[in-house]
Structure formats: structure tokens, C-alpha cells
Amino acid sequence: MAEVKKKRDGFGSKLGIIAAAAGSAIGLGNIYRFPCEVGENGGAAFLLFYLIVVNLLGIPVMLSELVIGRRSQSNSVGAFHKLAPNTKWPIVGYIGVLCGFLIFAFYSTVSGWTLEYIVKSVTNSFHGKDLATIESEFAAFHDMGWRNVMWQGIFIFLTGFVVFRGVQNGIEKTAKVLMPLLLGILIILGIRSMTLPGAKEGLSFLFRPDFSKITGKVMVEALGQGFFSLSLGMGVLITYGSYVKKEDNLTSTAFSVVIADTAIAILAGLVIFPAAFSFGVKPEAGMGLVFNTLPMLFNQITGGYWFCLIFFVLLAIAALTSTISLLEVLVAYLSEEMLLKRTWATVIACAGTMLLGVFASLSLMSETPFALAGHTVFDMMDFLSSNILLPIGGVLIVIFVGWRLGKQKFFEEVTNEGALKAPLKRIIFFIIRYLAPVAIAIVFISGLIK
Ligand code: TRP
């Protein structure tokens, strides 16, 4: 085993890793991006494929990352240096670092919106308004490019502040309190949404698959969404895995995170689609699907003022526990591989993200210079990272564990050197070695060819 020279920060309790990994996984990807993807890709058919991806591939890829991280006790680049010295494998880590900058850059744009919407909730600014007004205000907000950039900057700063304070204090505590609260409020909202007039149509959009809608594009988007939502393929779980104690159970961690993440995404769908159909918001409305439908829903609820406020605060915190994980990958790399002080690593990673992020934010204005052939810089960053870099990272990670690290070391790690049974280890390893690389590659390539 690799000797750890200086003492590394780590998670404090057994729940710590689950809280932190679930905190990373659950975020805007579930509540904002998932409904958008479902809506744009035809509803239930997408959902079905998404569930297959997440269950069949998500758990093995997640476990592979955790194994690499805990075994190497290192950041996502250093891990490959340690486990495969003098090879080209660290490239996987570098792809992840690049991808981390890209995702953080556009993710912080939408994270910033949650702050704007907290202010709007406090000032009760949705009260009594109809859909058309709420929609036009959302569009007007995008056109205030620098206001978007301001909120984005504040959000990046907040993320930097938590990450600077370290793993145990920042990440673990925030995540543990938030998750149950978020779950609770989504359940209440879901019940209200499903009892609105016309809600049934939304439910059948979400659950009644039209198989003719499964195309190459839908499959790639589902794959990308699966990786994005579970924070896979760029080394978040390698980095977090390196903070996990030797006695923690990696397999059950992976299962818990996947179950929690999927539950929150489906709940978000149950909140959004019945309400969207009831109010007449088009399922393919993209960004407006969530940001316009929800205020309408709050207007229909007794105590809507408080629900609205609590919801956007929770959404902001859910986004924060995700951006923390993105930044942690960058900071762990910069501080351990480039030997920067943690403070400087945080400052540099945040500044770099901000620089990229400005383009993402300003590209959403109606007269933006930052768009090409109708595709905004925001969309391009999202597509490049989620649909291309994450699947490539994912394939390389499972190939690494399946073929380079090998069965014996994998078993040692998932059984904690024999202390645990890990009854599913053989079948999971089989998926890691054969099924996952082939499946990810097929979906990925068939989608690119279109
Ligand atoms: N999974 C998070 C979400 O669903 C976003 C996220 C955090 C992420 N870290 C990531 C996505 C790493 C991909 C890779 O909101």
C-alpha cells in the first residue's frame, strides 16, 4: 500500500462518504437538468434508457472510481501515477481536471440563478403573476448578462470558501443536513403537483414510453445525463474515495448514492411534469421548464411563499454541495501534484473557472456574441463535458480497473482485504471488465454518428 507522507484530510464518520458523494451527485443535475433532458428527449422513453444506464453502468463505474481513489490515497491525476507508474494512464486524470473546469464554469451560471431566485422569493415577486409574466421576467433576467455574472461570481466564491476550509468541516456537515430536507420538500411539492387539474398528462409523458422515440441521440443524452447526475467520469469519486476510511464499505456506498440520486431525479420529474402540463408549459421548454413552472406551482399552494423560499434555498445548497465536489477535484490536483498551498490552489481554480464561466453566462443573452450557429457557449461546454468527456473518462476508468488493476486488487479493495463479503463483487467486476466498456463505447459512438 502506498505510504501517506503528510496526513491527508478525510471524512469523519461512516455516513460521511455517503453524505459527501450523494451531496456531489444530487444537485442541479437532478432538479434542473434531468427534467430538461426528459422533456427534450420525448419523456418516458428517455427515462427508461436513463434508468438502465444508471443501474447497469452507474454502480460499476462509481465503484471503480472509489476503488482507484481509496487504494491510491491520491488525487485524480496522482492516483494513476501511483497505481500505474510510468504509463500514460494519468491522462485520464488530466481529462477529468479539464472537464472539471468546464462543468464548474457552466454549472455555476445556473447555480447563480438560484441566488437570484432566493431574492425573488424573499420579495414575494411571483405572487399573483400569470405564466406569461413569469416567463418574460425569466427571459429579461438572462438579458441582464452582468447580473448573471455577479451571482455566478458570488456562487464560485462561496464554493471556494467551503473548499478552503477543508473536507470534513465543509462538505460532510452541509450534505448531511440537507438531503433529508430536500427529499421532504420534493415529496410535498410532488403531491400538490399531481393533484392539479390536467396533471395526468404529465404523468403519462413521464411514464408511458413511446419506443419509436429511442434514437441514437436519446441514448447518448441519457448516457451523458447518467454520468452527469452521478458525478462520474471525471474523478470526483476518485478524489472523495481517497478520503474514505479503510473500514468503510465501498459497494454499499455506491448503491446508496445511486438510489438516492435516482429517487431525487424521479421526484423532481413528478413535481415538474404534472405541473408543467397543467399550466401549459411545453415539456421541451428547456431552462424555463423548471424556473417558470415552479413559481407557478408555488402560487397554487397554501403557504406558497415559504415553500418557494425554502425550495430555492435548498436548491442553492444542493448546487453548492455539487460545486464543492467539482472544485475539490481541481484543488486536490493543484495542491498535491503542482505542490501549491491549498489556499492558492483554491484561488487559482476559482479564478480559472470564473474566466471561463463569464462566457457561459453571457452566452445566454438574446443578442449574445458567444454563440455559433444557434449553439451557445453554455450549450457547447455542457455538450463537450457531459456527452463527450465524461463517457470517455468513464470508459477509461473501467478499462483501467478491469484490465490494469485487475480482479485481485479490486476484490481486496471492495472486501476491505477480506473483512467484508461483498457478495456482488464477481458480477460487478464482470460488468467493469467486459460489459461497461463495450456498452459505453457503443452508445457513445452510435450517438456521434447519429
Ligand atoms: N452531479 C451533479 C448534479 O447532478 C453535478 C456534478 C458535480 C458533476 N460534480 C460532478 C457532474 C462531476 C459531472 C462530474 O448536479
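Tell me whether segment 195-212 contains one or more residues that are among the charged types (D, E, K, R), part of a helix (DSSP H, G or I) and under 30 Å from Lys425 (Cβ atoms). No, segment 195-212 contains no residue that is among the charged types (D, E, K, R), part of a helix (DSSP H, G or I) and under 30 Å from Lys425 (Cβ atoms).
When Thr346 is tested against (1) open to solvent by 20 Å² or more (accessible area, probe 1.4 Å); (2) part of a helix (DSSP H, G or I), just one condition goes unmet, and that condition is (1). From (1) hydroxyl-bearing (Ser, Thr, Tyr); (2) crowded, with 17+ Cβ neighbours inside 10 Å; (3) not in a helix (DSSP H, G or I), pick out the condition that doesn't hold for Ser125. All conditions are met except number (2). Scanning segment 294-310 for residues that are open to solvent by less than 40 Å² (accessible area, probe 1.4 Å), within 16 Å of the ligand (Cβ to nearest atom) and within 21 Å of the chain's Cα centre (by Cα) turns up nothing.
Exactly one residue among Ile52, Ile26 is within 14 Å of the ligand (Cβ to nearest atom) and out of contact with any strand residue (DSSP E or B) (no Cβ under 6 Å at 6 or more places or on another chain), and that residue is Ile26. Of all the listed residues (Leu396, Leu390, Leu384), the sole one being open to solvent by 40 Å² or more (accessible area, probe 1.4 Å), in a helix (DSSP H, G or I) and within 21 Å of Ile52 (Cα to Cα) is Leu396.
Scanning segment 30-66 for residues that are open to solvent by 10 Å² or more (accessible area, probe 1.4 Å), of a type in the set (Asp, Glu) and at pLDDT 95 or above returns a single hit, Glu37. Within segment 323-340, the only residue that satisfies the criterion of being small (Gly, Ala, Ser), open to solvent by less than 10 Å² (accessible area, probe 1.4 Å) and more than 9 Å from the ligand (Cβ to nearest atom) is Ala332. Checked against the criteria, Leu57 counts as under 26 Å from Gly226 (Cα atoms) and out of contact with any Phe, Trp or Tyr (no Cβ under 8 Å at 6 or more places or on another chain). Out of curiosity, is Leu83 surrounded by 24 or more Cβ atoms within 10 Å (Cβ to Cβ), of a type in the set (A, V, I, L, M, F, W, C) and over 30 Å from Tyr117 (Cβ atoms)? Judged against the criteria, Leu83 is not a match. Of all residue pairs spaced 6 or more apart or on separate chains, those with beta-carbon atoms under 9 Å, a first member in segment 388-403 that is under 12 Å from Ala441 (Cα atoms) and in contact (Cβ under 8 Å) with a residue 24 or more places away in the chain and a second member that is in a helix (DSSP H, G or I) and hydroxyl-bearing (Ser, Thr, Tyr) are Gly394/Ser64; Val398/Ser64.
Counting the residues of segment 245-287 that are open to solvent by 10 Å² or more (accessible area, probe 1.4 Å) and not aromatic (Phe, Trp, Tyr) gives 22.
Of the residues making up segment 273-308, those that are of a type in the set (Val, Ile, Thr) and over 19 Å from Ala139 (Cα atoms) number 2. Against the conditions (1) open to solvent by less than 50 Å² (accessible area, probe 1.4 Å); (2) under 28 Å from His81 (Cα atoms); (3) not β-branched (Val, Ile, Thr), Phe378 satisfies every one except (2). Any residue at all in segment 97-118 that is in contact (Cβ under 8 Å) with a residue 40 or more places away in the chain, open to solvent by 10 Å² or more (accessible area, probe 1.4 Å) and away from the ligand (no atom under 15 Å from the Cβ)? Yes, segment 97-118 contains a residue that is in contact (Cβ under 8 Å) with a residue 40 or more places away in the chain, open to solvent by 10 Å² or more (accessible area, probe 1.4 Å) and away from the ligand (no atom under 15 Å from the Cβ). When the helices (runs of 4 or more DSSP H) confined to segment 230-312 are screened for residues that are free of Cβ contacts under 8 Å to residues at least 12 places away in the same chain, those reaching at least 2 such residues are found at 250-279.
Given the condition under 14 Å from Thr293 (Cα atoms), out of contact with any strand residue (DSSP E or B) (no Cβ under 8 Å at 6 or more places or on another chain) and surrounded by fewer than 18 Cβ atoms within 10 Å (Cβ to Cβ), answer yes or no: does some residue in segment 146-154 qualify? For segment 146-154, residues under 14 Å from Thr293 (Cα atoms), out of contact with any strand residue (DSSP E or B) (no Cβ under 8 Å at 6 or more places or on another chain) and surrounded by fewer than 18 Cβ atoms within 10 Å (Cβ to Cβ): absent. Screening Met219 on (1) open to solvent by 30 Å² or more (accessible area, probe 1.4 Å); (2) within 16 Å of the ligand (Cβ to nearest atom); (3) aliphatic (A, V, I, L, M) shows it passes everything except condition (2).
The values are calculated or read from the model by the stated rules, or taken from the named source; none is laboratory data. Computed from a predicted model, the values in this text were never measured in an experiment. Quick reminder, even Gly has a Cβ in these numbers, built from the backbone with ideal geometry, and neighbours come from all protein chains shown. Areas reflect the complete protein model, heavy atoms only, side chains present, ligands, DNA and RNA absent. Shrake-Rupley method; radii C 1.70, N 1.55, O 1.52, S 1.80 Å.
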